[in-house]
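What follows draws every value from the coordinates through simple rules; no lab data is involved. What you see is a predicted model; the values in this text were computed from it and never measured. In this analysis, Cβ positions are derived from the backbone assuming ideal geometry, glycine residues included, and neighbour counts consider all displayed protein chains.
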Amino acid sequence: MSGLNLTLEPERQVHRFEVINGAGGRRLWTLDDKARIVAETLVPGAIVSEVARRHGLRPQQVFTWRRQARKRAASMEDAVPSFVPAVVDPAVTEATAVEHPSRPKRRPTRPPAPIELEIDGAVLRIGSGADTQTIAAVIRALKGCS
């Protein structure tokens with residue numbers, strides 16, 4: 001008999017199996033999902049790698065999303081603030097207007113401000129010489145607190 005034996009013995013058979021680890025293709029994440037995952041990484045004590053692993057992502061992807069969120073936030077700060085159009089009702093005058101209970105009564109010694117905003121009980125009076133960037137920053141701060 002020759003040294004070449006082509007038959008396989010049952011205990012020596014080779015079994016092949018594959019382990020698929022991770023996503024099989026490119027996943028599409030919604031902006032809400034990305035924002036939620038980025039918010040998880042911003043919690044004090046959070047580790048980006050752990051958050052990424054928990055969601056089946058690589059840390060580099062989460063860092064990219066964080067960078068994009070910072071750029072988006074910076075571009076929104078530079079945007080011109082949009083205002084709601086003012087409606088003046090001629091039927092309501094200063095004499096017939098009822099004082100709002102949360103609003104402090106006006107002092108007659110101070111001249112009235114050309115613009116007055118009330119947001120959740122906070123009253124913002126804007127004089128005629130106010131800087132537009134300062135006004136926009138104050139309105140953003142008031143909106144952020146409410």
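I need V19, V62, V43 ordered by Cβ neighbour count within 10 Å, fewest first.
Values: V19 4, V62 21, V43 8.
Neighbour counts put them in this order, fewest first: V19, V43, V62.
Give, in nm to one decimal, the length gained when the segment between T30 and R58 is fully stretched (0.36 nm per residue of separation minus the Cα-Cα distance). Don't jump to the answer; show the numbers that get you there.
Details: separation 28, 0.36 × 28 = 10.08 nm, distance 1.69 nm.
Answer, rounded to one decimal: 8.4 nm.
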ask   = If each residue's Cβ is checked for other Cβ atoms within 10 Å, how do I37, I115, I135 rank with the fewest at the top?
value = I115, I135, I37
